[in-house]
Amino acid sequence: MNWQSEWLRVEPITGSRRISNFCWACIISLGALGFSSVGTSSYFGKDLIPFLSSQQIVFVPQGIVMCFYGIAGSFPSFYLWFTILWNVGSGYNRFDKRKGIICLFRRGFPGENRRICIRFSMKDIQAIRMEVREAIYPRRVLHMKVKGQQDVPLTRISENLTLREMEEKAAELARFLHVSIEGP
């Protein structure tokens, strides 16, 4: 939810704590656990999980392959769970007219660059640009044109904004910053 006053505008950015990431992390974790338990069950000759039968699986080579798939599947699931835990990509866009500063803040992976904060002077902002590509997976991104620098994205690529929502967001921001809008 955006917050705006006469002099200040703050737009929160959702990071990796999205329903889709939770779903994928659960699916991959359960799949990896299933493969590992069937492979291990074939080694012991006894079902560790009652509804996952391993009676027809011979440990060499099928059980070993099942264990390998379980271990291999645990790596992407750990990656997803840790990005959700650390909320990578979350942050905010803050536009402050009193100070004349725009601050784009994002959280990254732990380490030296965990907190990423980019500051611009409002005088350097030339326009708000909308990038629209219609295809199977449409791409709709708002960019801020800054003098002497590359365009800075203000929304995530995976953020599914409708064209109308994107136009409204661009118009509100351009009105607040007193700059023009450049279309696709």
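The values are calculated or read from the model by the stated rules, or taken from the named source; none is laboratory data. For clarity, every value in this text was computed on a predicted model and none was experimentally measured. Positions of Cβ are generated from backbone atoms using ideal geometry, with glycine treated the same way; all protein chains shown enter the neighbour counts.
General observations
- Condition met for Phe75 (among the aromatic types (Phe, Trp, Tyr), on the phi < 0 side of the Ramachandran plot, modelled with pLDDT of 95 or more and in contact with a Phe, Trp or Tyr (Cβ under 9 Å, 6 or more places away or on another chain)): no
- Test: Ala127 is loosely packed, with under 15 Cβ neighbours inside 10 Å, modelled with pLDDT of 90 or more and of a type in the set (A, V, I, L, M, F, W, C): no
- Scan of the range 25-47 for residues that are surrounded by 14 or more Cβ atoms within 10 Å (Cβ to Cβ) and outside any helix (DSSP H, G or I), ordered by number: Asp47
- Sole residue being in contact with a strand residue (DSSP E or B) (Cβ under 7 Å, 6 or more places away or on another chain) and not aliphatic (A, V, I, L, M), chosen from Gly108, Gly70, Gly34: Gly108
- In the range 165-180, the residues that are within 10 Å of Ile128 (Cα to Cα) reach residues that are of a type in the set (Lys, Arg) and not in a helix (DSSP H, G or I) with C-beta atoms within less than 8 angstrom, at least six apart or across chains, in these pairs: Leu173/Arg9.
- Out of Arg119, Arg139, Arg133, one residue alone is within 16 Å of Tyr92 (Cα to Cα), of a type in the set (Lys, Arg) and either free of Cβ contacts under 8 Å to residues at least 12 places away in the same chain or touching a strand residue (DSSP E or B) at 6+ places or on another chain (Cβ under 9 Å) (or both). It is Arg119.
- Arg133 falls short on exactly one of the conditions (1) surrounded by 12 or more Cβ atoms within 10 Å (Cβ to Cβ); (2) charged (D, E, K, R); (3) in contact with a Pro (Cβ under 9 Å, 6 or more places away or on another chain), and that condition is (1).
- Scope the range 151-165; condition over 16 Å from Tyr92 (Cα atoms) and modelled with pLDDT of 85 or more; matching residues: Asp151, Arg164, Glu165
- Residue satisfying all of: in the range 48-64; loosely packed, with under 15 Cβ neighbours inside 10 Å and part of a helix (DSSP H, G or I); modelled with the highest pLDDT among these: Ile64
- The numbered conditions (1) under 26 Å from the mean Cα position of the chain (by Cα); (2) among the basic types (Lys, Arg); (3) within 30 Å of Val179 (Cα to Cα) are all true for Arg18 except (3).
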